[in-house]
Amino acid sequence: MLNLGNLSQDKFTVLNRILNHSDLMKAVVYDTPNFFDKEAILNPEDYIFDRIFPHRFIPKTSEKQKTYITIGFGDYRPIKGGSYKSGKITFSVFTHQDLFRTDYGMLRTDYIISEIDKLTNQSSGLGIGKTEFFKMDELSLNPDYHGSYITYRLVEFN
């Protein structure tokens, strides 16, 4: 039987990594091309369930153009005779098409995905061992919102 007791703790760990990354938070919160030049976000936790979601969906669409990160944990299954379990964590990053461009020679979503990769790939603290890059691809939700998703493999004790 799978034991998923660490799932909430893993979500909390991932959220904290994102919320504590000042420049990443600026890219998510500030809708201007020069987001690095803006003030640090004073209360990043205010953006949980507004722009950063600890689940794979956004409950409702916003009238305001925004950038979003959703985080999904799934595809858990037993491995090695049931002593361990393997799962995946997927970050979806998407923004309104008018917010893609930045003043820094990169797309907003590309910057956010690359910073999530630095925070997550080959890192400890989620399961046993280190997280392992699994895949990345483009994402289009509707004619106005596009981006990418990136997935990592996790291994934990049962």
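A few notes on this one:
- Long-range Cα-Cα pairs in the stretch 7-157 (distance over 27 Å), rounded percent: 22
- Set Lys88/Lys118; Lys38/Lys64; Lys64/Lys135 screened for pairs whose C-alpha atoms are more than 27 Å apart: Lys64/Lys135
- Springs join every pair of Cα atoms under 10 Å in this Gaussian network model of the chain, and among Thr61, Thr131, Thr109 the largest mean-square fluctuation is at Thr61.
- Dipole axis of the stretch 7-157 (+1 Lys, Arg; -1 Asp, Glu on Cβ), positive-most option in Phe134, Ile71, Val29: Phe134
- Phe57-Asp98 FRET efficiency (beta carbon distance; Förster radius 25 Å; 0.05 resolution): 0.65
- Sorted by Cβ neighbour density within 10 Å, fewest at the top, the residues Leu7, Leu154, Leu42, Leu19: Leu42, Leu7, Leu19, Leu154
- Here the spin labels are modelled as points 7 Å beyond Cα on the Cα-Cβ line, and at Asn121 and Asp23 they lie 1.6 nm apart.
- Modelled FRET efficiency - R0 35 Å, Ala40 with Lys135, Cβ distances, 0.05 increments: 0.60
A short reminder: the numbers here are calculations on the coordinates, not readings from a lab. Quick caveat: nothing in here was measured; it's all calculated off a predicted structure. Using ideal geometry, Cβ is built from the backbone for each residue, glycine included, and neighbour counts are taken over all protein chains shown.
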